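Student: First the structure, which I've put down as structure tokens, then a few questions once you've had a look.
The values are calculated or read from the model by the stated rules, or taken from the named source; none is laboratory data. Everything numeric here is computed off the predicted structure, so don't read it as measured data. Virtual Cβ from ideal backbone geometry, glycine too; neighbours counted across all protein chains shown.
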Amino acid sequence: MHRACHIAADAHQLRNLGGEWQFDAERKILESVDGLVEQHRQWKERAIVKKAEELERKVGTAPNLGPTETKDFLPPGIELLSPWPTCPATPRDLNTLGPDQFLDYPRLYITNAFYHTLLNHYNAIELMISLIARPMWEKPDPHRLQCAVDICRTHTAVGVRPDSVTAGKIWGIYLAGVAFGGPDAYPVCF
């Protein structure tokens, strides 16, 4: 996140140059972002992370653990055919949802809260990096949506304990809100 914030500040300065420098600025920004993405995604290749991932997969709890998983996180009845999913035809009553369930998305069962907290930080950094490359909050982005939903599902499943509220978690929730983009970009489904 530290490197992402520095690259974001540099990108902001480069974009403010304007004029004839704009094309070169965007090229430099994307080169920086590409390197950052490559280094960031190496975290999931660490042996300890792969071991934690495998343990969570065995009990069927892990959100967003691979780039090929794109639809498993959606609630029943929602298809990702357009850039944003649409609400199901028959909304569920909020009273039928569990207190540890995020909206109508499948409940997340967590065996290792520490690992999932780290995964939330990972997803928050993914969101931050995507905003450096494409700082358009109002544009639908399925990858941002998946990261945001995973952050919210994990946060809901872990819950709030006196020892669990950190600036990193708050930052992740903030970035998830940015990814949802408000009611005009992503209608909240119940």
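Student: Counting just the residues of region 156-174 that are in contact with an Asp or Glu (Cβ under 9 Å, 6 or more places away or on another chain) and in a helix (DSSP H, G or I), which one comes out modelled with the lowest pLDDT?
Tutor: Taking region 156-174 first, the residues in contact with an Asp or Glu (Cβ under 9 Å, 6 or more places away or on another chain) are 156-159.
Pick out the ones that are also in a helix (DSSP H, G or I) and you get 156-158.
Working: 156: 85, 157: 83, 158: 80.
Taking the candidates together, the pick is 158.
Student: For the subset of region 1-21 comprising residues that are exposed (fewer than 12 other Cβ atoms within 10 Å of the Cβ) and of a type in the set (Gly, Ala, Ser), which member is modelled with the highest pLDDT?
Tutor: Ranking the candidates gives 9 first.
Student: Moving to a separate point now. Quick check, is residue 131 under 30 Å from residue 12 (Cα atoms), at pLDDT 80 or above, among the aliphatic types (A, V, I, L, M) and touching a Ser or Thr at 6+ places or on another chain (Cβ under 7 Å)?
Tutor: Details: under 30 Å from residue 12 (Cα atoms): yes; at pLDDT 80 or above: yes; among the aliphatic types (A, V, I, L, M): yes; touching a Ser or Thr at 6+ places or on another chain (Cβ under 7 Å): no.
In short, no.
Student: If you don't mind, there's one more thing I want to ask. Take the residues of region 30-61 that are touching a residue at least 24 places away in the same chain (Cβ under 8 Å) and not in a helix (DSSP H, G or I): which is farthest from the chain's Cα centre (by Cα)?
Tutor: Ranking the qualifying residues of region 30-61, first place goes to 59.
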